[in-house]
Every structure is written in C-alpha cells, then in structure tokens.
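Notes for the one structure printed next.
The values are calculated or read from the model by the stated rules, or taken from the named source; none is laboratory data. As the structure is a prediction and not an experimental result, all values here were calculated from the model. Because the Cβ atoms are built from the backbone with ideal geometry, glycine has one as well, and the counts that use them run over all protein chains shown.
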Amino acid sequence: MNAIAPSPSLSLDFAPYLEVAEVVRVRPRVSIAVADRAWRPQVEDRQRDWVASVAAPALKILRARRGAEACKAFCALGTGAGVDALAAVELLGAEVIGLTDLFPDIVDVAAANVRRNLAPGHEIALHAGAGDLLTPLRGGGAKFDLIYENLPNLPAPDAAAVEADKTSAAFLAPRGEALPGPVRDWLLALHYLALVQAHDFLKPGGAVLSTIGARPPLAVLVEMAEAAGHAASFVGYWWKAQADADDVIASYAQWRRQGLGPFHFYPVEVLEAAFADLNFEQAGRDALSIERDLRSYQLDAPEAWDLHRSGRRIGHTVAALLSEPKA
C-alpha cells in the first residue's frame, strides 16, 4: 500500500465552492491532500476549477431531474484528489462511491480525502481501485446510478511519459483498441472506452456523465456515445480558458497537422460575450445553436497556437454529455 500524504495541501469552504447555502453530508471546511502525480484542483478560481464550474452544476441538474433515488451510487473515473466524489456525496446524496485513477498513490489519497471530509455521523460505502478506467472495480459487485468522467484526450508518446508527472490530467498512454473513425480522428478514445465499459457497471436506468472540452464538434460527441451503445443529450454547455495552453494547444496543433480533427478553439473575449447572459443548463439546451453562432469565430488548432504565442487568451467550450444505455 502506498503512503498517504500526511497533511492536506488545500483547505476550502465547501458550501461557497459548490454554490449552495450549506453542506450537510460533508464537513463545512474540507481539507484536501493532493498526491504528487495528481492534478491540483484550481479551487482559488471557480471558473478554472473543473468540478466547481462544470461537474457541480451538472450534478445539481441531474439531481433535480432524476430524483434522489436515482442518484444514490456514484463513480468517479480519473478522480484525482476526489473532490468530484465529495461533490457527489453532498449534491446527489450519494451513499455508494466508486473511485478509480491510474496510480495507487492517487487513489489512496483520494479515498482518504473522501473519508476524512464526511460530516460526523455520515457514512458511505467506498469502492476504490487503481488502473484503467472501470477495470479496477470489476469483480467487486458495485453498480452505479451515475458514472462521471473528465478524462484526458491527448495521446502521449509512451506510457512512461504519463507515469512521470502530472501529465495524466491531459495526456493518456497509447491505446491499442480498435476505435470508430470519429473517436480516433477527434482524440476521444478514453471517453468512448469508458462508455463501452459502463454497460457492465450501471444500474437499470443509470447513465454516464462525461464532461469534455468540446474542441470536437458537438455532433461528434453524440456520434461517439451512440457508437458506444448510448443515447446522448447535453446537460450543460459552458466555456473555459485553456489551461496549460503552451502544452495543450501545441499538442492539438501537432495532431491537426497530422490530419486529425479539426479541433476548435476561440478567443476568450468571444466566449465571454457569447455566454454572458446564459446559465449552464440553458446553454446545454441551446448547445447546438450556440455552437452554430460561434462558427465564424472558430480557430483551428494551428491558428489558435499562433494567436496564443502572440499573447491572445485562447479558450474552448465545454460539454456535459449524458449518455444513457440504449434498450
């Protein structure tokens, strides 16, 4: 068993972080340790932080739409520090939690974060394992109402590069599975494979929530879900300034030059204006029309890279895609 970090590296008031009046299932102030190879949550800036700005709004919507009984068992793939699981405990009332990530040290720290930050007297059943996607939970008997994933898109040159540091937040080791053409061409391998595996881990009526940087067209995301045997819809739609822009935009530009994509970026000021009068759920209902309205501002990856190097701030849209297994 790998050693767990002895002290937290982040501390935050959880109710303001989730934008709720109070928290009842999680401690009001949570302490979050971050394993060395895990991506550090950007809790100082809600717009940059993925759980605060994308996952939490989507969970609130799903809790309202699906009801409490359809939200009791939650699994987070690629959990990192486990903040997504704590959000599910509070916002969904989840009583069964699954956690996976690539490396044992990350999973150990995430599981400890979840246990440490539960409100006194609140208990959950926790299933945690390290490895590929849902595979670590196979054989344990756990089934879930909702499987959540925010997985990386960009292939790394080799597995060693992913193991070396925090690159696993944006980069994945090379995959050997046969993939549908759109999945391959728009670098959606892990999202697709998670959807394929999810059939064995969902309860009847369960679903997968994928939060994806929508650099591929939205129609491609729907096509990916359908190829994996799901019916897809958009829970929410939003935007983010590109994190780690030097590495990420450059990598997308490189893949574009090799014939993949195209991958869509936008000037940040365009996205700010386009979403200024919208909320996450409303934008999800209108996602296709918003994407259509943004078309004239789209930057292909090499163009985005050139503008980034000239000092422009570059962003991308974000889709919260709900995939429900077809009967």
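Between R48, R37, the distinction of being among the basic types (K, R), modelled with pLDDT under 95 and surrounded by 20 or more Cβ atoms within 10 Å (Cβ to Cβ) belongs to R37 only. Residue-level check: of (1) touching a helix residue (DSSP H, G or I) at 6+ places or on another chain (Cβ under 8 Å); (2) over 17 Å from N153 (Cα atoms); (3) hydrophobic (A, V, I, L, M, F, W, C), L218 misses just (2).
Of all the residues in the range 59-76, those that are surrounded by fewer than 17 Cβ atoms within 10 Å (Cβ to Cβ), in a helix (DSSP H, G or I) and at pLDDT 95 or above number 2. E324 meets the conditions (1) over 21 Å from the mean Cα position of the chain (by Cα); (2) part of a strand (DSSP E or B); (3) not hydroxyl-bearing (S, T, Y) in every case but one. The failed one is (1). Selection within the range 117-137: residues that are within 19 Å of Y192 (Cα to Cα) and in a loop (DSSP other than H, G, I, E, B). The member of this set that is farthest from the chain's Cα centre (by Cα) is G131. Within the set A178, A173, A243, the sole residue that is among the hydrophobic types (A, V, I, L, M, F, W, C), modelled with pLDDT under 95 and more than 19 Å from the chain's Cα centre (by Cα) turns out to be A178. With respect to being closer than 14 Å to N113 by Cα and assigned to a strand (DSSP E or B), V30 fits the description. Criterion applied to V114, V43 was being modelled with pLDDT under 95, touching a Leu at 6+ places or on another chain (Cβ under 7 Å) and within 24 Å of R29 (Cα to Cα), and the one residue passing it is V43.
When the range 246-301 is filtered for residues that are surrounded by fewer than 18 Cβ atoms within 10 Å (Cβ to Cβ) and assigned to a strand (DSSP E or B), the ones remaining, listed by number, are P267, D300.
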